[in-house]
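The values are calculated or read from the model by the stated rules, or taken from the named source; none is laboratory data. No experiment lies behind these values; they were computed from the predicted model shown. A quick note on method: Cβ atoms are made from the backbone with ideal geometry, for glycine too, and the neighbour counts reach across all protein chains shown. Each accessible area value is taken on the protein alone, full model and side chains, heavy atoms only, with ligands, DNA and RNA left out. Shrake-Rupley method; radii C 1.70, N 1.55, O 1.52, S 1.80 Å.
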Amino acid sequence: VPHLGNYLGALESWVALQDEYSRVMYSIVDLHSITQPQDPQMLRDNILDMAANPTRSILFQQSQ
């Protein structure tokens, strides 16, 4: 789940890049999340939440 540090450090910039360029590629690096115990369904839901608007960018999910 994103927190204030994620927002200020990355998410805010990523949204701005989508407005600045016609095509932007992002990677959802989800493999490192399995180093901690996770609820599999919650992890899948959180990954999909991070990919909120794939029509404005190209998304690459590391685990796929």
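Summary table below
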item	result
Accessible area per residue, Å², the chain with all protein chains present, probe 1.4 Å	81 Å²
Normalised contact order of the chain, rounded percent, pairs of Cα under 8 Å and 6 or more residues apart	48 percent
J(HN,Hα) series, the stretch 36-46, from Karplus relation 6.51 cos²θ - 1.76 cosθ + 1.60, nearest Hz, glycine and proline x	10, x, 9, 7, x, 5, 5, 4, 4, 4, 5
Nearest-0.05 FRET efficiency for Ala16 and Asp39, computed from C-beta distance (R0 25 Å)	0.20
5 angstrom amide H check on Gln61, placed H, neighbours 5+ away	Ile28
Karplus-derived HN-Hα couplings along the stretch 11-24 (A = 6.51, B = -1.76, C = 1.60, θ = phi - 60°), whole Hz, x at Gly and Pro	4, 4, 5, 5, 5, 5, 4, 5, 7, 7, 10, 6, 9, 10
Computed helical MRE - 222 nm, the chain, DSSP H runs ≥ 4 contributing -39500 (n - 2.57), nearest 500	-9000 deg cm²/dmol
Computed P(r) (all Cα pairs; the chain; 5 Å bins; percent)	4, 15, 25, 26, 18, 8, 3, 1
Accessible surface of the chain, 1.4 Å probe, proportion on carbon and sulfur as whole %	59 percent
Label-to-label distance, nm, for residues given as Ala51 and His32 (7 Å Cα→Cβ offset)	2.0 nm
